[in-house]
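The values are calculated or read from the model by the stated rules, or taken from the named source; none is laboratory data. If you're wondering where the values come from, they're calculated on a predicted model, not measured in any experiment. As a convention, Cβ positions derive from the backbone with ideal geometry for all residues, glycine included, and neighbour counts pool all protein chains shown.
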Amino acid sequence: MADSSRVSKLRKLWSRATTRLPHPDGIGDRAEMVLFGLAISTVVVTGYLQGRLRLVLPIPAVFGGDAVTVLQATTACLTLSGLFGLSTLVLLGQLGRSGETRLPTTGPSVTAVVPVYGDESVLHRSVVSLLQSEYRNLSVVIVAEPDDEASIRRGRTLARRDRVELLVNDRSPGTKAGAIDYAAAETTSDLLAVFDADERVDPRFVSRAVARIEDGPADIVQGRTIPEPEGFTGLAAYYESIVLGDLSQRLLTALTGFTVAASRTVVMRRVAFDAVDGYDPAMLTEDYAFAFDCYCSGVEVVEQFSFASTIEAAHTPVDWWGQRKRWMTGYAQVLHRLVGRGLRRLWAREGTHRDLLAPAICASSVFGNVFMLSLLPKAAVLVVHGQGRWLALPGFTLIGAALTLRVYDTAKGRLGSVGVGYLLLPAVLPLYSLAGIKAVLEYLFTWDGEWYSVSKGS
C-alpha cells in the first residue's frame, strides 16, 4: 500500500508538472497588473537592500594580506563586468576561428524551408537571397497557411523560378512549427534548413554549414542573425541581441555544452531533425523547445558566426514589447515542460545529467530578468553613497562589447556606419527585464494561448 500511495502521489506531481497552461479565464487584467507592480517593487526594494550590505573581502598575502569592506552593490558591478568581459573575449575568439574555410558548392541535397504568414511583402528577401547561394544543390520550399491568400499569391509568383516550390500547409496549419514539420514530411533531401521570410541570407552560409556538417561532428549548424538597426527601435533590438544573444550564452555554452538551435538560419541533418520529432506546434517558442530537445537527446549543435543573415527588427516600441513578451512567455512554457520531463525521466531512471541541467539553463533565461532589474537599485545605492564611479566599470564593459561587435559587423559589410546607438544599452536591458517579468506572470495567471505577431515592412 505504501508503494502504491507513493506512485499515486508521484503521478499527480507529474500531471501537475506537465499540464499545459493557458488559463482561458485567468485572474483578470487588473489583478495581474497589481501582481506585476508588486513583483517590480519587490525586486527593486530587495535589490536596494542587498546593495547596501557591506561585505568584507580578504586581500591575498601577495597584495598585503589585509581585508577591505565594500558595498554589495560594488561586488555586483565587478561580477557583471567580469562575466561580460570574459564573454566578450570568448566570443571574439570564436569569431576569429569562424573565418574562411572549405566552402563547397555541391554535395548533399538541401531543402531550405521558409514558413510565411502575413509576411508576403518581405518574402522575396529570403527566397531571392537563397537562390543567390553559392551552394548549388539547394531548393527552396515556401510554406504558406491556407487562410493567408496574400502570401499564397506571392509564393506562387516566386515559385515560377527554378528550385522554388510553394506548399500550402493544410495538414497542420496555425503554427510555424507545424509548417516546418509539414515541409519536412513532404521533402526527401539529405539536409533541412530553415529561414525566416524576412531574412537576407549570406550567399556563403549554406556552403559553410554543409561543410561543418560533413566534416563533423555537427548534426546541426546554427547561424547568426542580425536585426537591422534602423530607427530607435531597430537600434535597441540590435544591441539587445548582442548582449542578450551573442554574449549572454558564451560562458553557459562553454560550461554546459548547451547551444541554441533555432527555427531560422539553421541547417541540420534530416536524421537529427527526426530524432527529436521536429518542432513542437504546442510550444509558443518552438525553437527554444527544439534546442532543449536536441540538447537532452545528444544531438550535436554548433554555431557558425561568419556569414550572418540580416533580419528586420521590430519597427515600433509596441512591437518590440509584444515580441519580447511572447519570447519570454514561451521560455516560461519551455521551463514548465522541462521540469515535468525531468521529473518523469528521473523517476524512470532514464535521464542523463543533461535532463537535470536543462531546467537550470532555461531557468537562468526566465529569471535572469530579475537579476538585470535588481541592478538598477544597486546602482542607486552607489550613487547615494558617493561611489557612483563604480558604475563606469560595467557601463564601459557592456558598451565596449556592443561597440566591438558593431565595428565587426560594419567591417564585414553587413551594416552601415557605427553611430552611437550602443549608448542605448543601459536603458534597453531594464526594459527587457520588465517585459520578461510581465510575461512570466501572464503565463502563470492569464495567458490564453495567443501570441503577439509583429508587422513586417517591405
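Working only within segment 239-252, note down all residues that are in contact (Cβ under 8 Å) with a residue 40 or more places away in the chain and of a type outside the set (A, V, I, L, M).
If the condition is that a residue be in contact (Cβ under 8 Å) with a residue 40 or more places away in the chain and of a type outside the set (A, V, I, L, M), then Tyr239, Glu240, Asp246, Ser248, Arg250 are the ones that fit.
Can you tell me which residue is farthest from Asn369 (Cα to Cα) among those in segment 203-233 that are modelled with pLDDT of 90 or more and surrounded by fewer than 18 Cβ atoms within 10 Å (Cβ to Cβ)? Residue satisfying both the conditions and the ranking: Glu214. Of everything in segment 338-360, what is more than 16 Å from Phe290 (Cβ to Cβ), among the aliphatic types (A, V, I, L, M) and in contact with a helix residue (DSSP H, G or I) (Cβ under 8 Å, 6 or more places away or on another chain)? Give them in sequence order. Of everything in segment 338-360, those that are more than 16 Å from Phe290 (Cβ to Cβ), among the aliphatic types (A, V, I, L, M) and in contact with a helix residue (DSSP H, G or I) (Cβ under 8 Å, 6 or more places away or on another chain) turn out to be Val339, Leu343, Leu346, Leu356, Leu357.
Evaluated against (1) assigned to a helix (DSSP H, G or I); (2) closer than 30 Å to Ser189 by Cα; (3) modelled with pLDDT under 90; (4) hydrophobic (A, V, I, L, M, F, W, C), Ile242 falls short on exactly one condition, (2). Within segment 172-195, being buried (at least 24 other Cβ atoms within 10 Å of the Cβ) and in a loop (DSSP other than H, G, I, E, B) holds for one residue alone: Phe195.
Could you grab me the full set of residues in segment 274-302 that are in a helix (DSSP H, G or I) and not acidic (Asp, Glu)? Talk me through it step by step, then tell me what you get.
Just the residues of segment 274-302 that are in a helix (DSSP H, G or I), to begin with: 274-275, 286-297.
Result: Ala275, Tyr288, Ala289, Phe290, Ala291, Phe292, Cys294, Tyr295, Cys296, Ser297.
Only residues that are over 21 Å from Arg212 (Cβ atoms) and of a type outside the set (Phe, Trp, Tyr) were counted in segment 279-309, giving 9. If I ask for residues that are at pLDDT 90 or above, buried (at least 19 other Cβ atoms within 10 Å of the Cβ) and either aliphatic (A, V, I, L, M) or part of a loop (DSSP other than H, G, I, E, B) (or both), which ones from segment 314-356 would you list? Selection gives Met328, Ala332, Val334, Leu335, Leu338. Could you list, in sequence order, all residues of segment 376-418 that are under 19 Å from Leu86 (Cα atoms) and of a type in the set (A, V, I, L, M)? Leu391, Ala392, Leu393, Leu398, Ile399, Ala401, Ala402, Leu403, Leu405, Val407 - these are the residues of segment 376-418 that are under 19 Å from Leu86 (Cα atoms) and of a type in the set (A, V, I, L, M).
Residue-wise test of (1) in contact with a His (Cβ under 6 Å, 6 or more places away or on another chain); (2) of a type in the set (Gly, Ala, Ser); (3) closer than 24 Å to Ser297 by Cβ.
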site: Asp190; (1), (2), (3): no, no, yes
site: Pro203; (1), (2), (3): no, no, no
site: Ala209; (1), (2), (3): no, yes, yes
site: Pro217; (1), (2), (3): no, no, yes
site: Gln222; (1), (2), (3): no, no, yes
site: Pro227; (1), (2), (3): no, no, no
site: Gly231; (1), (2), (3): no, yes, no
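Contact map, segment 112-131: first residue within 17 Å of Asn169 (Cα to Cα), second residue polar (S, T, N, Q) and surrounded by 22 or more Cβ atoms within 10 Å (Cβ to Cβ), Cβ cut-off under 7 Å, separation 6 or more or different chains; pairs are Val114/Ser126; Val116/Ser151; Tyr117/Ser151; Gly118/Ser151; Asp119/Ser151; Glu120/Ser151; Leu123/Ser151. Among residues of segment 47-66 that are among the polar types (S, T, N, Q), those with a Cβ under 9 angstrom from a residue that is at pLDDT 90 or above, sequence gap 6+ or separate chain, pair up as Gln50/Gln72; Gln50/Ala73; Gln50/Ala76; Gln50/Ser374; Gln50/Pro377; Gln50/Lys378; Gln50/Val381.
Any residue at all in segment 274-282 that's surrounded by fewer than 21 Cβ atoms within 10 Å (Cβ to Cβ) and within 16 Å of Leu335 (Cβ to Cβ)? For segment 274-282, residues surrounded by fewer than 21 Cβ atoms within 10 Å (Cβ to Cβ) and within 16 Å of Leu335 (Cβ to Cβ): present. Only one entry in Ser109, Ser81 is surrounded by fewer than 22 Cβ atoms within 10 Å (Cβ to Cβ), within 30 Å of Tyr239 (Cβ to Cβ) and among the hydroxyl-bearing types (Ser, Thr, Tyr), namely Ser81. Taking each residue of segment 319-332 that is of a type in the set (A, V, I, L, M) and looking for partners that are in a helix (DSSP H, G or I) with beta-carbon atoms closer than 6 Å, six or more apart or interchain, yields Met328/Gly436; Met328/Ala439; Ala332/Val366; Ala332/Val440; Ala332/Tyr443.
Taking residues in segment 132-156 that are free of Cβ contacts under 8 Å to residues at least 12 places away in the same chain, and partners anywhere that are of a type in the set (Asp, Glu) and exposed (fewer than 15 other Cβ atoms within 10 Å of the Cβ), not one pair has Cβ atoms closer than 8 Å while being at least 6 places apart or on different chains. Condition check for Asn369 on (1) surrounded by 21 or more Cβ atoms within 10 Å (Cβ to Cβ); (2) assigned to a helix (DSSP H, G or I); (3) at pLDDT 90 or above: one failure, at (3).
When restricted to residues that are of a type in the set (Gly, Ala, Ser) and without any contact (Cβ under 8 Å) to a residue 24 or more places away in the chain, segment 263-312 contains 1. Considering the conditions (1) within 21 Å of the chain's Cα centre (by Cα); (2) farther than 30 Å from Phe307 by Cβ; (3) of a type in the set (Asp, Glu), Asp409 is excluded by exactly one of them, (2). Any idea how many residues of segment 247-273 are assigned to a helix (DSSP H, G or I) and over 16 Å from Leu424 (Cβ atoms)? Looking only at that region, the number is 11.
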